[in-house]
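Engineer: The structure's right below; bear with me while I get my questions together.
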Amino acid sequence: MDTMDTLDTACFVAWFEEAARLVRRDRDRLTELDAAIGDADHGTNLDRGLTEVIKALAESPPDTPVQVLTSAGATLIRRVGGASGPLYGSVFRQMGKALRAPVTLAGFSAAFEEGVVALERLGKAALGDKTMVDALAPASRALALAVRDGVGVREAFEQAARAAAEGAQATIPLQARKGRASYLGERSIGHEDPGAASAALFMAALATVAV
Amino acid sequence: MDTMDTLDTACFVAWFEEAARLVRRDRDRLTELDAAIGDADHGTNLDRGLTEVIKALAESPPDTPVQVLTSAGATLIRRVGGASGPLYGSVFRQMGKALRAPVTLAGFSAAFEEGVVALERLGKAALGDKTMVDALAPASRALALAVRDGVGVREAFEQAARAAAEGAQATIPLQARKGRASYLGERSIGHEDPGAASAALFMAALATVAV
Amino acid sequence: MVGLVLVSHSAGLATEAVALVLGIAGRDPPVAAAGGTDDGRLGTSLDLIEAAVRAVDQGDGVVLVPDLGSSVLTCRLVEEPGRVVVADVPFVEGAIAAAVTAGTGASLADVLAAAEEARAFRKL
Amino acid sequence: MVGLVLVSHSAGLATEAVALVLGIAGRDPPVAAAGGTDDGRLGTSLDLIEAAVRAVDQGDGVVLVPDLGSSVLTCRLVEEPGRVVVADVPFVEGAIAAAVTAGTGASLADVLAAAEEARAFRKL
Ligand SMILES: Nc1ncnc2c1ncn2[C@@H]1O[C@H](COP(=O)(O)OP(=O)(O)O)[C@@H](O)[C@H]1O
Ligand SMILES: Nc1ncnc2c1ncn2[C@@H]1O[C@H](COP(=O)(O)OP(=O)(O)O)[C@@H](O)[C@H]1O
Ligand SMILES: [Mg+2]
Ligand SMILES: [Mg+2]
Ligand SMILES: [Mg+2]
Ligand SMILES: [Mg+2]
């Protein structure tokens, strides 16, 4: 086990702060990915949503990890404006519902998996449909394997980030079956899914908070 | 046979002039019928269209009955704005195509029937669907019977007008199966169809031109 | 009466669709638009949907008619089985059928069924 | 490329639907609106439809997507088998599917088939 056994409120806040930073940094790339197979707003959508998340967390400082997730989820659902809003929002809201204090890696992993299941239910998307699920489901699996193998938090999060990045890359040859890109049929092949790309950023952000 | 054996260009112009007059006179009634089971524009639609018909006939005076019908049909198709435009327009356009000079009652009757068939084809409507067909098809039938029985033009047109008026009245208990009113389902029952009502005016106008 | 909310990515499309629906169904059924994001972009706003639901809710249930994508996903988040339901139907045609049926005082289930029937309705 | 004309009773609805369709299908396929009467009332104008057909006709055929009633009837009057065809499809969803397919350079028959498929497309 890592020296850091439990994840506190500050960790969760830092997660969203870092995610907001990475999305802001990669905003134009995300929007360009969405321009290819969607409506060219994913970067701006998510940048806006995460800016609001950080603002809300600053205005009503959360006392628990659950409060961080609940606040972030609700804000994303309300303030993104695109499909990624209700989808990411549902991940974090459900994760918040499932999380128990104190937050161990095992508890984090189980709650994260519940979040991914909520996303899959809302979007009716499965692995291989060329959506954010293709990054988040492998990330969740990596976390579960890390728990099983007794890997430390830092390494577990890094493995999850790697799995998400690979999952996002793996969407390139796929044909979209959900979301706007699915209207393009075969023309969606050959482009990385923007939601999968942003999901990889969320997981990359997570890897930086386990110090 | 009547003293008047053939119908000349002036007769056809007079037909539309009288129809325009009757529709103008009954404009509000037609619109109120349409308010009950449609979108409250049938009177204004048709009044506008027939005003344009009369204007066009005045601007380019027709030399033949065919020219009257062709001009009136084209104007109704373009200037009514509601479903009754392409429908009445098709009646008169097709009637113009079918008419042969000189216009006898038998020729008029055969051409009119072709017009009604064109209307039924365009609107995919049959007798009993609570549309203008319910007035025009009986009128056409009355004309054909009059021809068969060797009735004079005047009496034939009066019989057609009566059949149209009765057909329009008979739409009251029907449930609409075509047009806007069909969206109302059972709620369309109990109201006279506005298009059938205006069709009765067209036939009433016809009865006045055979002097 | 059952209420109706038309949810589109485009504020303009939602507003215009409501106007057409009311033109056909008459002024009786409560129909509201929830189009675009709350800052006027193309997209969906949960706040606008919730406000529209409140505006048309007479206690007999509300049918949400979304156009696509985020409209559908966001609508699903406000579903309350038996009270607020999402109709997976053609946007314009389903809304017209639902509104006309709502205008007769039909139940939520009947309004939903009418909207679903619009899928099979032939225009030609 | 196959052209597309959205024909609605409402000028606003036609214009907004075109904007949404272009937002999804991209700027490639030629899409035009023919909404309302030529004097700005709710209804249909053959002149506006013909002008829109001319605007989007690149020689590969044109699909007309009418909303209902007089839009459908008037569209049928400009049909030219194999060149200008009317699609009996959900107005918004059919237009999106048709435009996306037209944007790939598909044939008139394929664009029409894509529009027809929108009928069966599930949103949830
Ligand atoms: N039904 C769905 N299930 C899962 N993910 C989806 C679904 N629809 C869209 N997405 C994800 O959302 C991303 C698009 O997000 P965004 O551009 O913000 O929304 P929008 O498509 O409304 O503009 C897609 O790249 C995809 O990953
Ligand atoms: N498919 C159809 N076949 C035959 N007649 C029809 C059809 N649709 C509508 N009508 C007739 O048109 C009349 C309505 O005309 P009008 O109010 O001018 O057009 P709109 O319904 O477009 O407002 C109806 O009362 C009916 O008689
Ligand atoms: Mg997008
Ligand atoms: Mg968007
Ligand atoms: Mg009308
Ligand atoms: Mg009308």
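Engineer: Take D:R54 and A:T104, extend 7 Å from each Cα along the Cα→Cβ direction, and tell me the distance between the two endpoints in nm.
Structural biologist: Output for this residue pair reads 7.7 nm.
Engineer: Quick one: putting +1 on the C-beta of Lys and Arg, -1 on the C-beta of Asp and Glu, what dipole do you get for region A:38-90 around its Cα centre, in Debye to the nearest 20?
Structural biologist: Numbers: 4 positive and 6 negative charges, 15 e Å.
With Lys and Arg at +1 and Asp and Glu at -1, about 80 debye.
Engineer: Also: How large is the helix-only mean residue ellipticity at 222 nm for the protein assembly as shown, computed as the sum of -39500 (n - 2.57) over DSSP H runs with n ≥ 4, divided by its residue count, in deg cm²/dmol to the nearest 500? Walk me through the numbers before you get to the answer.
Structural biologist: On the way: 28 runs with 404 residues, N = 670.
So the calculated ellipticity at 222 nm is -19500 deg cm²/dmol.
Engineer: Report the residue, chosen from A:G96, A:G49, A:G190, that carries the largest GNM mean-square fluctuation when chain A is represented by alpha-carbon nodes joined by springs under 10 Å.
Structural biologist: A:G190
Engineer: Using only the alpha-carbon atoms, how far is helix D:11-25 inclined from the longest principal axis of chain D? Give it as 0 to 90 degrees, nearest 10.
Structural biologist: It is inclined by approximately 10 degrees.
Engineer: Could I ask something else about it? Shape of region B:45-89 from its Cα gyration tensor (a ≥ b ≥ c, root eigenvalues): rounded if a/c is under 1.5, otherwise prolate when a/b > b/c, or oblate? Display every interim value, and only then the final one.
Structural biologist: Numbers: a/c = 3.13, a/b = 1.66, b/c = 1.89.
Since a/c reaches 1.5 but b/c is at least a/b, the shape of region B:45-89 is classed as oblate.
Engineer: Another question, if that's okay. Between copies, how close do the A:D5 label points come, placed 7 Å along Cα→Cβ, listed in nm from shortest?
Structural biologist: Ordered by increasing distance: 11.8 nm.
Engineer: While we're looking at this one, here's another question. Under the rule of at least 5 residues apart or a separate chain, name every residue whose amide H is placed under 5 Å from the amide H of D:G35.
Structural biologist: Counting only residues 5 or more places away or on other chains, the set is D:S8.
Engineer: In the P(r) worked out for chain A, what percent of Cα pairs fall beyond 28 Å? Could you put the intermediate results ahead of the total?
Structural biologist: Details: 4369 of 22155 pairs.
Considering chain A, 20 percent of its Cα-Cα pairs are separated by more than 28 Å.
Engineer: Given the pairs A:K178/D:K123; A:K124/D:K123; B:K130/C:K123; B:K178/C:K123; B:K124/C:K123; B:K97/B:K178, which are separated by over 21 angstrom at their Cα positions?
Structural biologist: Values: A:K178/D:K123 9 Å; A:K124/D:K123 10 Å; B:K130/C:K123 17 Å; B:K178/C:K123 9 Å; B:K124/C:K123 10 Å; B:K97/B:K178 26 Å.
Cα-Cα > 21 Å for B:K97/B:K178; rest within.
Engineer: Tell me, what is a quarter of the convex hull surface for the C-alpha atoms of chain D, in nm² with one decimal?
Structural biologist: Numbers: hull surface 26.9 nm².
Averaged projected hull area, Cα only: 6.7 nm².
Engineer: Related question: So what's the gap between the Cα centers of region B:151-211 and region C:46-81, to the nearest angstrom?
Structural biologist: For region B:151-211 versus region C:46-81, the Cα centre distance is 44 Å.
Engineer: Next question. Taking the convex hull of the alpha carbon atoms in region B:1-102, what volume per residue do you get, in Å³?
Structural biologist: Working: hull volume 11.0 nm³, N = 102.
Enclosed volume per residue, from the Cα hull, is 108 Å³.
Engineer: Taking springs between alpha-carbon atoms closer than 10 angstrom, which of A:A110, A:A137, A:A165 fluctuates most in the Gaussian network model of chain A?
Structural biologist: Fluctuation is largest for A:A110.
Engineer: Moving to a separate point now. Nearest beta-carbon of C to the rotation axis carrying it onto D: which residue, how many whole Å?
Structural biologist: Taking the axis that maps C onto D, the answer comes out as C:P90, 2.
Engineer: For chain B, modelled as a Gaussian network with Cα springs under 10 Å, which listed residue fluctuates most, B:G123, B:G38, B:G150?
Structural biologist: Of the options given, B:G150 has the highest mean-square fluctuation.
Engineer: Taking Rh as the Kirkwood radius, which is the inverse of the mean 1/r over Cα pairs, what is the Rg/Rh value for the protein assembly as shown?
Structural biologist: Working: Rg = 30.8 Å, Rh = 27.4 Å.
Ratio value, two decimals: 1.12.
Engineer: Okay, which of region A:166-195 sit inside 17 Å, backbone N to the point 7 Å along the Cα-Cβ direction of A:D149?
Structural biologist: A:166-167
Engineer: Right, here's the next one. Where in region D:1-90 are there trypsin sites (Lys or Arg not before Pro) that are in a DSSP coil and have at most 11 other Cβ atoms within 10 angstrom of their Cβ?
Structural biologist: Working: sites: D:R27, D:R41, D:R54, D:R76, D:R83; in loops: D:R27, D:R41, D:R83.
Answer by residue number: D:R27.
Engineer: Testing the spin-label approximation: label points 7 Å from Cα along Cα→Cβ at B:V117 and A:R121. State their distance in nm.
Structural biologist: Going from the B:V117 label point to the A:R121 one covers 6.2 nm.
Engineer: Same structure again: Can you list residues whose amide H is under 5 Å from D:V86's amide H, if they're 5+ apart or on another chain and H is modeled 1.01 Å from N?
Structural biologist: D:L64
A short reminder: the numbers here are calculations on the coordinates, not readings from a lab. Note that the structure is a prediction, hence the values are computed from the model and not measured. Note that we place each Cβ from the backbone using ideal geometry, even for glycine, and neighbour counts take in every protein chain shown.
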